[in-house]
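*Asks:* Handing you a structure now.
The numbers here are math on the coordinates, done by the rules we state, and not lab data. Every value quoted in this text rests on a predicted model; they were computed, and no experiment measured them. Heads up, the Cβs are rebuilt from the backbone with ideal geometry, glycines too, and the neighbour counts pull from every protein chain shown.
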Amino acid sequence: MSHDPYAIRPGERAVTLPDRVDAHLVFIGRIHTPFTMRAECPRQGRQDGPLCRIEIDAPWREGLKGLEGFAQAEVLYWMHQARRDLVLQSPKHNGETMGTFALRSPVRPNPISTSRVAIVAIGEGWVDVRGLDCLDGTPLIDLKPEHCAFSPPRN
Ligand SMILES: C[S@@+](CC[C@H](N)C(=O)[O-])C[C@H]1O[C@@H](n2cnc3c(N)ncnc32)[C@H](O)[C@@H]1O
């Protein structure tokens with residue numbers, strides 16, 4: 001039986017999206033994960049989860065300089081397969097209808113997600129991490145070091 005991931009569930013409400021967007025967002029790379037379907041992704045990444053690779057596009061690779069001094073990073077990514085028009089949502093795991101801004105669902109007007117990840121290794125234009133929950137090929141928006149008292153720098 002086929003499942004429509006865009007189907008509206010009981011209690012949900014969609015709004016009309018504006019026909020113009022004005023944030024000049026730049027994708028700076030892609031995230032590679034073992035997850036090829038949404039159903040395979042964890043609801044939240046865990047730092048003992050599978051190894052994932054963050055690939056940085058060529059113009060931005062120098063931007064990794066100094067990141068090796070940190071054990072953790074915050075990753076911002078664009079949930080490119082999420083619908084964007086729900087103001088009320090009924091998540092599959094419990095069906096309870098909630099406002100979009102009371103949820104960490106990928107479905108939001110600007111489908112930006114965040115995860116705190118453990119940095120495992122850094123190379124030329126890539127960072128291997130654990131702690132992501134997104135599909136393979138998810139566009140990367142930003143990467144920043146996590147200043148974390150209980151997690152000292154790696155070197
Ligand atoms: C609940 S969100 C949490 C995201 C992030 N950790 C946060 O809290 O902002 C994670 C879910 O988004 C879905 N997902 C993952 N990658 C996606 C993508 N590229 N487009 C749309 N949905 C995605 C999967 O169902 C996954 O379980």
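*Asks:* May I ask you to sort Met98, Met37, Met79 by Cβ crowding, counting other Cβ atoms within 10 Å and putting the fewest first?
*Replies:* On the way: Met98 15, Met37 9, Met79 20.
By the 10 Å Cβ count, ascending: Met37, Met98, Met79.
*Asks:* Something else now. How about region 1-103: which chymotrypsin sites (Phe, Trp or Tyr not before Pro) there lie in a loop by DSSP and see at most 15 other Cβ atoms within 10 Å? Working shown, then result.
*Replies:* Numbers: sites: Tyr6, Phe27, Phe35, Trp60, Phe70, Tyr77, Trp78, Phe101; in loops: Tyr6, Phe27, Phe35, Phe70.
Answer by residue number: Tyr6, Phe27.
*Asks:* For the chain, go through all pairs of different Cα atoms, get the mean of 1/r, take its inverse, and jot down that Kirkwood value in Å. Provide the component values of the computation, followed by the final result.
*Replies:* Working: mean 1/r = 0.0594 Å⁻¹.
So the Kirkwood estimate lands at 16.8 Å.
*Asks:* Counting other Cβ atoms within 10 Å, keep those with at most 11, restrict to DSSP loop, and tell me which trypsin sites (Lys or Arg not before Pro) in region 1-72 are left.
*Replies:* Values: sites: Arg13, Arg20, Arg30, Arg38, Arg43, Arg46, Arg53, Arg61, Lys65; in loops: Arg20, Arg43, Arg46, Lys65.
Passing both the DSSP loop test and the Cβ count: Arg20, Arg43, Lys65.
*Asks:* Further question on the same structure: How long is the gain from Arg104 to Ala121 if the chain were fully straight, where each residue apart is worth 0.36 nm and the alpha carbon distance is subtracted? Intermediate results must be reported in sequence, preceding the final value.
*Replies:* On the way: separation 17, 0.36 × 17 = 6.12 nm, distance 2.77 nm.
Gain on stretching Arg104 to Ala121: 3.3 nm.
*Asks:* Sticking with this one: Quick one: what are the phi-derived ³J(HN,Hα) couplings along region 44-56, Karplus 6.51/-1.76/1.60 with θ = phi - 60°, whole Hz, x for glycine and proline?
*Replies:* 9, x, 10, 6, 10, x, x, 5, 10, 10, 9, 9, 9
*Asks:* With θ set to phi - 60°, apply the Karplus curve 6.51 cos²θ - 1.76 cosθ + 1.60 along region 81-89 and write out the HN-Hα couplings as whole Hz, x wherever there is a Gly or Pro.
*Replies:* 9, 8, 6, 10, 10, 8, 9, 10, 9
*Asks:* Okay, next question. Would you mind checking which residues have amide H under 5 Å from Glu146's amide H? H placed 1.01 Å from N; only 5 or more apart, or other chain.
*Replies:* HN-HN under 5 Å from Glu146: Gln72, Ala73, Glu74.
*Asks:* What whole-number distance in Å separates the alpha-carbon centres of region 89-104 and region 18-79?
*Replies:* 24 Å
*Asks:* Using θ = phi - 60° and the Karplus relation 6.51 cos²θ - 1.76 cosθ + 1.60, list the HN-Hα couplings for region 11-19 in order, rounded to whole Hz, with x at every Gly or Pro.
*Replies:* Couplings: x, 7, 9, 9, 10, 7, 7, x, 8 Hz.
*Asks:* Considering only Leu64, Met98, Thr114, whose Cα is most displaced toward the positive end of the charge dipole of region 27-145, charges sitting on Cβ of Lys, Arg (+1) and Asp, Glu (-1)?
*Replies:* So the residue furthest toward the plus end is Met98.
*Asks:* Please list, by residue number, every one of the GluC sites (Glu not before Pro) in region 57-123 that is coil in DSSP and has at most 11 other beta-carbon atoms within 10 Å.
*Replies:* On the way: sites: Glu62, Glu68, Glu74, Glu96; in loops: Glu96.
Those that pass, being in a loop and sparsely packed, are Glu96.
*Asks:* If you place +1 on the Cβ of every Lys and Arg and -1 on the Cβ of every Asp and Glu, how big does the dipole about the Cα centre of region 18-155 come out, in debye to the nearest 20?
*Replies:* Taking the Cα centre of region 18-155 as origin, the dipole is about 300 debye.
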